Structures are given as C-alpha cells and as structure tokens.
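I have placed the structure first, in the form of structure tokens, so that the comments after it can refer back to it.
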Amino acid sequence: MDSTIILQTTLNGLMIGGVYALVAVGLTLIFGVMKIVNFAQGEFVMLGMYVSWALATFVGIGPYPGLLIVAVIMFVGGWLTFKLLIIRIIGKSDEAFILLTLGLSIFLQNITLLAFGADYLTVTTTVKDAAIRFGGLAISLPRLIAFGVALVMVAALTLFLNRTDTGRAMRATAESREVATLLGIDPVSCFAVAFGVGTVMAGIAGVLLTPMFYVYPGVGTLFNTTAFIVVVLGGMGSLTGALVGGLLIGIVEALGGTFVSLDLSQLFAFLIFLAVLFVRPSGLFGRSA
Amino acid sequence: MSTLLKVTNLKKSFQGVHALKDVSLDLAEGEILGLIGPNGSGKSTFVNTIAGTFRPDGGRALLQDVDVTGLPTPAMARHGVARTFQSSRPFLGMTVLENVTVAALLHTDRPAEAEAAARECIALTGLADCVDVTSANLPVERRRRLDLCRALALKPKVLMLDECLAGLNPREMDEGLDLVRLINRTGVSVIFIEHVMKAVVALCHRVVVLNQGELLAEGSPQAVMRDEKVIRAYLGGSSKLCSTSKRSAPATAT
Amino acid sequence: MLDVKAISAGYGDMKVLDCVSLTVESGEAVSLVGSNGAGKTTLLRAISGLVPVWSGSIVFDGQDLGALPAHKLPALGIAHIPQGRGVLTQLTVKDNLLLGGYVPAARERRPETMKMVYDLFPVLREKESQLGGSLSGGQQQMLAIARALMSHPKLLILDEPSLGLAPIMVEAVFEIIKTISGQGVSLLLVEQNLAEALAVSTRAYVLETGRVVLHGASDELANNEHVRTAYLGI
Amino acid sequence: MNRTGRIFLAALAGAAVLLFPVVTTTPYYIHTVLMVFLFATMGLGWNLIGGYGAQLSLGHSTFFAIGAYSAVLLMVNYEISPLVGGIVGMVLACGAAVVIGLPCFRLRGPYFCLATIAAGEIARILFLHFQEFTGGANGVPLPFHGDDILTLQFSSKAPYYYLALGLLVAVFVLVRWMEKAKIGRYLAAIREDQDAAESLGVRTDRVKLIAYVLSAAITAAAGVLYAFTVGYIDPDGVASLNLSIEIAVVVIVGGIGTLWGPVLGATVVVLLTELTNMYLGSLRSGASLVLYGLLLIVVVVARPKGLISLFDRAPAASLPKQVGTRVHVA
C-alpha cells in the first residue's frame, strides 16, 4: 500500500476528527454536568450551519468572520432551549431527557425543512479550495482551520473549567448537585451555562463545516451518532477523552472508508464504540466506577 | 444446634479501604444472631457481601455445607438467604399484595398460588388492612412490616435484617421485635443488625461485635455489653461518659 | 440565632419530622442525638433547604429561610457538612477549598482565609494539588471542615463527622470542632458517638421518630436514664 | 358508564373495525388503518422491554428489518413461502436479540439506549453493504404473482388489513396475559427497583432477555407483514433509526408500560402523520414531522405517563384512616 495515501488519509481523518471532537466536547460537557444525553446536538450543528449560511447569503459575512456572531446566537438559542424545555424535566429519568431531546431533534430538523426546503445549500469562502501542500501531502485550508479552531476551543473550555470559579462550580455540580448547593452554587444556572456552552460548541462546529459540507436539514444526523460514539469512547464527561476520541474516530472512518469500503466507514466507528462499551464502559479516559 | 451458615475469613475492600478485614462467624440453625458495631464498622458490607451485592475479595461462605461464596443476589435468594435493606425499599408503585406476590413467585410459577401465599404472609405480619394500598402511601412502620413480609414470603433459611427497626418509635419497635421472633419461630435463622441496644438485648441469642471491619467481641448480649473493648469502641476510645458523676438527670422532657 | 419553629417535613408522602422545634444561640454548640431513622439528618437537611418544609418556620439571623432556595443559604453564613463529608472527589483539594469560599463575601477574602485554613490543617497544604478522592477518610473530614471554614460561617452544621473514622481520627476531629466552637462559631451537630457529642456541646436535643422527646444541658442528658439505656446500652 | 354500556360500545368499535374495509373502498384509508395496526403491534412488542422492562431500546428496526428481509429474500431467491420465511425471520430476530441483549443488559442508564442505537446502525450498514444479497440501497421489490395466501400476495388491501388486525389481536392477548403472569410481575419489579427485585430472587438479566426476545419476535412478525403489504423493502425504510424511534414514540405518546397505551399511541401518531401529509401535501412533508416532534416534546414535559393517563380512573385504594396516626410513647 502506498504510504503517501495512508498518510494523506490519516491526515484527512485527523482534520475532520477535530470537528467531531468539537461536537463531542459540547455533548460531553452537557453530559458531564447535567448527566443527560442530548440527542439534538447534531441539530445544533445543523442550525449553526444554517445561521452561518444565512449570514453569508443575506448579510455578506463569511463563515470565519461570522464565527463570533454565530456563537452568540447559538448560546442564546441553547440557553432558551434550556429555560423553556430542559428545566422542566430536571430530576426526571434518563429516558425523559433522551425522549425530550429526540423530540427536539425531530422538530428542529423538520422546522428547518419547512423553512428552507430540502435543497443542498453551499457557502463559498475565499479559502474554500485553498490547500497547503508539503512532501506530496495536501491539507485543505478549511479543514486545517476547522481542526485548529476545534483544538483552541477545547483548550479554552478546559481552561475555563479548571481556572474560573464558574468552571469549578460546574465541575462541583457535575459531581454532586447537593454538595454544590451547600457551597452556595446554584446548580440550575450551572446547567444553563453548560447547555448554552455545549450548544455553542455545536454551532461553531457547524460554522467550521460549512465550507466543506452541504447545508441541508438532515446534515445533523451525520454528527449526532458520531458524537455519541466519540463521547462514550472518550469516557462520558471527559473533555480530553472527547478530543482524543474525536480524532480517533475521524482517522478510523477515513482509513476504513478508503481502504475497506466507503459505505462501511461508519461501521468501524460503531464496532469500536460497542467494544469500548462492553469492555470498558467508562471509556478510554473516564474514571472507572 | 447445627451450623447453618458458616462464614470464614471474609474480606472486602473498596478502593483500598478495608471494609471487612477478616471476618469469620457461624450462624446456628434457629438462632437470632445480633450484629452490632459503630457506623462504618462493616455490618452492612457484611450483609451486602453475603447477599451477593458485592463479591468478596476473599473468604468463604458455606450454607449447610454448600459453598455459596460470591454468588449473585438472585442465586443467594434462591439458596435461601434473604435480606432487607437499611432504608426500606418496597416497589413503590405496587400494592402491598403485589409486592409480596413478587417474592412468593420464587416458589411457584402460578400468580394465583403466589397471591394466596402472599396473603398468608400479609395476614401473619399484620398488614391485612392494607393489602391493596399502594406501598408509596405507607408510613414507615408499615413499610418496615412490608420488608419483613416480603422476606418471609421467600421462605428463607437465613434472613439478614439490616436495621429493620430504624425510624420506629418504642412501641412500634416492640411490635417489630415480636414480628422478628415470629419469623424466627417459623424456622428462619436471623442475622439482626441494630443500633438500639435494648432491642438487641431483648431479641438476640448471641451477639457479634464488629469494629473497623474486624470481629471485636462475641458472646451473649449481656456479656458483650459489659465487655470493656466494646464500650471503648462505642465511646470512641474514651470513657468520658462513664466517668461522669452519677447525678440524677433533671433533663427537660417535651 | 437559629430558630426552628414546629416544622414538619418528609419525603414524598412520608412524614419524617413531626412538629420539631429547636434553637441555636449565637456562639452556642448544640448536639442532636437519636437512633438511626429518627430524623436527625432530615432535620439538618430541612434547615439547609435540601428537604422542603411542610409546615412551621425556620428563622436564621432574623431572616425567614422558608422563601429562600437552598443555594442562597451559605451566603447568609450557614455551612453544612453533610453525612459522608461531601468532599468533591474529582476536584483537587485546592479547588475544594476555593469553592468553599464561593459565596461573594468570602471570595474577596479568599487568599488570606486559605492561608489561615492551611495553617490549621498543614496536611491539606501538602496535598493541595491532589484529588479530594485520594485523601484518607480522616483527611477528607479535615478538608470538609476546612472548606466550610472558607465561607466564614456563623453557623456550622455537622452531620456525623466521626462516621467511618478510626478512634484516633475521631479524637482529632473533635479537637478541631472544639477549637472552632471556641472561636465563636455556632455549632449544630448530629453525632452517633454520644460521648463526644455531649462533651463538645452545651445543649442537646434527643430525637425519636421525628419528634423531640428530650432536651436539656448536655451533661444532664449524659446521665439521663432514658438516654443511657436507649442509646448506650449501659 | 355501566357494564352493559361499555360492552355495547366495545361491540360497536369492534364492528366498525371489522367492517371498515367493506364500507370504504379507498385503499389509502385501509392502508392507513392497517399501519395503525402494525404500529400498535410493534408498540405492544416494544413495550415488553421498553415499558414493562424499562430498558429504552432505540434499535428495534433491526428486528423489523430481519423479519422483512428474511421473508422477502427467501421468497424471491428460493421461492419459500413467507409463512415459513416469516417464522425463519422471527427466529433470526430472536437470535439477534440474544446477541444484542446479553451484553447490553449489563449496561444501565443511557448506555443501554446508545448500545441499541449502535447495534441498529450496524445492522443498517450491513444491509446496505451486502448488495448482491440485499440489493443494497436499491432495496428489493417483490414481483407480484397473483392472489395467494401462501405467498401473502393480494391485489386488494383488505386481506392485509385483516392479517394485521389478527396479528394485533393475538399480540394484545399475549401481552395482556403476560402482564398478569409471573414474567409480567417480575418485569414490573425490575422497573421499580432492580436491586430489590434481585434480592427477592428475580434473575433480572434472564427476565429482561426473555422480554427482549419476545419483543423482537413480535417486531419481526410486523416486519414480514409490512414487507408484503408494501411489496418493497430497502434499508432506509425498514432498518432506519427513524423507524426505531417511531416504534418507541408510539408507546411513549400513548402511555409507556400500559396495555392500551401502544394502541392509543399508534392511532394518534399514525393518523396525525397521515392527516397532515394529506392536507399539507407531500411537498411539505416536514410539517407532519414537526407536529410529531412537538407531540413528543409536549408528552414528555406535560404528560410523562402518556395520553392514556387522560383516561385514568380514580386513584387506587389508600390507607385506612387509623393507620396513619401514631401513638407516641416518650
């Protein structure tokens, strides 16, 4: 086998894996703090893509300059979702959260379909086709930017959780709502922040993806299942785990797709997922119970 | 009396903390054995390890010479080792009858038969007046009875009662003790964990004291209560209380 | 300072506390004794707002706590160390302490308080970057107390601080509790180790099946016939 | 309502259901009610594990697909009657349930749900991949050979309607029996408190596995009937995550863990979807799903026990008065 192809494929997988990681980090933050699985995370990615598309099409702000705007819009959206829906079922079963966010996912996907139709939309940027070449390898610039921003976001989130009072309060809430309360922390506002920030992560991932993916209502489902895989793989609630897991799944999918069969590329991810679930349910980086 | 349950060198630790260091004890047929010791001394760990909730790190448990070490919970129940939980755990959404029927189904595949058996146990434990009450609506005292009733319906050989009287007032506690005696008279050997010494003294044939995961003392209730080691363990290494002068106590009653 | 008036509380349909009244004066140490399941922990949790109060009132420093959500109470000067210590095992010792001073008033004085607390518990300074969960039981109890002190509490609520500790550790913990009490912090203490509890407190309440059945000066209760037979088996 | 009144109403409803294909000639209407039957059947089956056993499965389309593909492929490739092929499909689905269930039941909380999704997606990918066998994304059309009960092919919708009705009634009776039987009681205990159930000798893994296997067989049977009713199957239609979700949603909307919940849920969900599609047109196919998503959200937030709880009777017996008071001896 040609080693250049292997390297190139690995590199491509690594780059897309960065974006998976970003989606998964949002999911794992929500899970870590609130102990709930958000099945609408992929739809938040999709919404991020649409907002980015709308900004580019109607206002003329490209994806990268519009990153901050999208982040703010997504935070408000996530926060509202929390205040309107999620807050109503805090303290209920895992199932209730799964079903609620599942309903939200179906709703968001189809309301977008109603609003924008099923057409595949594209966003053009000046860097869309640019690539960096070295030693026979090439990395498309949008992928590199996505990878870089994803890493920076994960690092920033880690710093936020470790170095700020709000971050510490969120980690305290993650471990025990009751102890957090006794320390004067309002768990519900921690939840709101976690959900909001988790949504922002998904939205930013969406923006980073617009130069490489078509924008359409069902695009989120591509990322939903992948994000779960990554989160469980890395260990639910572990940011490092989500990052490594994301990169790993990106590479596995790319290699599997290239060297085995394109339509089986996701299969390997699922198989790894099940293997981890059964052998080490706490994930690669999770703490065993 | 012949030995029913023989536990030897039982060990269990959690993340390096030795909850049970090396506990050996025997339970004779028809006996009520008291298991006492300060909180955290390993009593509940002992029950959970024998009942199959935890796998022991070492040691053996023989039930009538059958090795039952480390069997999962349902298998232990099938072998005849039943237990109640420290905090009462009825199936909250079910009625008293439905609760007890689940237990009675251990010995039959027919719900009708199980229900009949359950009704007998319910009558025996004085729950007849709330057969069809959803157990979530029961007060503490009734829940405790329901725990015992469910255990009784399993027709166990060994019944481990983990603070089955907690939360009861003195009168209710006396009734609870009568109930345990009644169950014991049906041929069930009992391991009885309790903090209230009065109850232990009144009920138990023999008492074993655990401290820091180790057997501290063993003997008749009266002898154990007088044991210097036991008093010290309960009083936290000092005997301040015993040395206070024996004034009469004009404490305010409310 | 703390005035609990005739409260009833419980979980779901189950009443655990039945018309319980209790007071803690400023600077006073009060202990609460009774058998398992009597409602001691529930009473502490009701005071801290973790269990909803069905009827009656709780007033702290002239303020009715009934209307306040639980997370607002630490800012008023109530620190509650729950049963099992409540150490955040996934956070470092230092992060635990920093969160102890999370309430705004305490946050301003955090560096100096931290120094004070480290002087009181040198072992915590040594282990400041270790995870809370890696400490021994005794050290965790120290951390829990230190963390509570970080908020400069007026009232410290302790639920079974000796639980699961070796006798020598129990002695040490009670030495510290005595020191804190000596500095003017009010104490409300639940403890099954009756001797230690009555030795550090000035007054005590006996709780049985959700009711206060006895209360009085600690040394008098220590000699009360009912207390001795029911709880000590002597 | 008194007893005679209720019997009269039940008889009336029964007659309406039986006579429906006779009075209406529009195949679309018959098909719609038929789909209600199929989803009610699958809901009843799903409820065994998802409701009574409280294990949220989002991978049931796998069993549906195994049933559908087995019967169709055996007939198309080997001319084996779907009456036999269907049984083969059900057995294979049971096998798959054992393979998936054994490891998955060790997982608790959201992990079980995620594992079933993964298993379902793996099945879908495999159906897509083995093209020479399954036709891949193009699916398998069933060539029509004329009316024959042995090939389950009819030119009219009515026979399918009655077959689906028969299946529904059979499954309903089975589930109603199970509710009262030992396994139903054990499942209820597991749902309430798994640890307490184990302490009473309930082998929870085994009980859950039995429920799961039965549930898979029922779903596979529905899959067989669906395939022959529609005359065409493809992985995105019969093995999709969306189908798994819809099976679960039917039960949740109707009332999880209840006998009539799946029936009510299937009626509401299928009719809602079909009606909105009919009035808003297929161009705006998103509309029905928007309503569907909203329905799910509203039920979870406002009616966690499902729409069936709207029909709840008076609360069950409560404690006799004198028991509540306590005599206190200080």
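Structure data summary
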read-out: Per-residue ³J(HN,Hα) for segment A:9-16, Karplus 6.51 cos²θ - 1.76 cosθ + 1.60, θ = phi - 60°, Hz, x for Gly and Pro; value: 5, 4, 4, 4, x, 4, 5, 5
read-out: Ranking of D:LEU44, D:LEU9, D:LEU167, B:LEU127 by count of other Cβ atoms within 10 Å, fewest first; value: D:LEU9, D:LEU167, B:LEU127, D:LEU44
read-out: Contact order normalised by residue count of segment B:91-155, Cα under 8 Å, 6+ apart, percent; value: 46
read-out: Partner chain coverage, peptide A:261-269 - average Cβ within 10 angstrom; value: 3
read-out: Peptide A:88-99, shielding by other chains (average Cβ, 10 Å cutoff); value: 5
read-out: Within chain B, longest stretch clear of exposed trypsin sites (Lys or Arg not before Pro) (DSSP loop, no more than 13 other Cβ within 10 Å); value: B:1-245
read-out: Chymotrypsin sites (Phe, Trp or Tyr not before Pro) within segment A:100-153: DSSP coil, no more than 13 neighbouring Cβ in 10 Å; value: A:TYR120
read-out: Kirkwood hydrodynamic radius (C-alpha pairs) into Stokes-Einstein, chain D, 4 °C and 1.567 mPa s, D in µm²/s; value: 62
read-out: Cα-based helix-to-principal-axis angle, A:41-54 vs chain A, degrees rounded to 10; value: 60
read-out: Proximal lysines to C:LYS94, defined as alpha-carbon separation beneath 19 angstrom and excluding residues fewer than eight positions away on the same chain; value: C:LYS115, C:LYS127
read-out: Long-range Cα-Cα pairs in segment D:1-104 (distance over 19 Å), rounded percent; value: 63
read-out: Residue among C:MET142, C:MET14, C:MET169 with the largest mean-square fluctuation in a Gaussian network model of chain C, springs linking Cα atoms under 10 Å; value: C:MET14
read-out: Table column - 3J(HN,Hα) (Hz), segment D:149-157, Karplus curve with 6.51, -1.76, 1.60, x for Gly and Pro; value: 5, 5, 9, 6, 10, 9, 7, 10, 7
read-out: Tensor-based shape of segment C:131-234 (alpha-carbon gyration tensor, a/c under 1.5 rounded, otherwise prolate or oblate); value: prolate
read-out: Chain A pair-distance distribution - Cα-Cα, 10 Å bins, rounded %; value: 7, 29, 36, 21, 6, 1, 0
read-out: Cross-link pairs A:LYS35/C:LYS15; B:LYS198/C:LYS5; C:LYS5/C:LYS72; B:LYS155/C:LYS15; B:LYS6/B:LYS155; B:LYS155/D:LYS182 - those with Cα-Cα distance over 23 Å; value: A:LYS35/C:LYS15; B:LYS198/C:LYS5; B:LYS155/C:LYS15
read-out: Note, ³J(HN,Hα) from phi for segment D:228-245, Karplus 6.51, -1.76, 1.60, rounded to Hz, x at Gly and Pro; value: 7, 5, 8, x, 6, 9, 8, x, 5, x, 9, 10, 7, 4, 4, 5, 4, 5
read-out: C:TYR205 long-range amide H proximity, modeled H, under 5 Å; value: C:SER31, C:LEU32, C:VAL33
read-out: Span from the segment B:62-133 Cα centroid across to the segment B:177-224 one, whole angstrom; value: 22
read-out: Within 10 Å of each Cβ in D:112-124, the average number of Cβ atoms from other chains; value: 5
read-out: Gaussian network model of chain D, Cα within-10 Å springs - most flexible of D:THR41, D:THR134, D:THR258; value: D:THR134
read-out: Rounded if a/c under 1.5, otherwise prolate or oblate - segment B:88-246, Cα gyration tensor axes; value: prolate
read-out: Whether segment D:92-249 is rounded, prolate or oblate, judged on the alpha carbon gyration tensor where a/c under 1.5 counts as rounded; value: oblate
read-out: Radius of gyration, Dmax [the protein assembly as shown; alpha carbons; angstrom]; value: 32.3, 104
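Quick note: the coordinates plus some simple rules give every number you see, no bench work behind them. Computed from a prediction, not measured in an experiment: that's the story for all the values here. Counting neighbours? That spans all protein chains shown, and the Cβs are built from the backbone with ideal geometry, glycine included.
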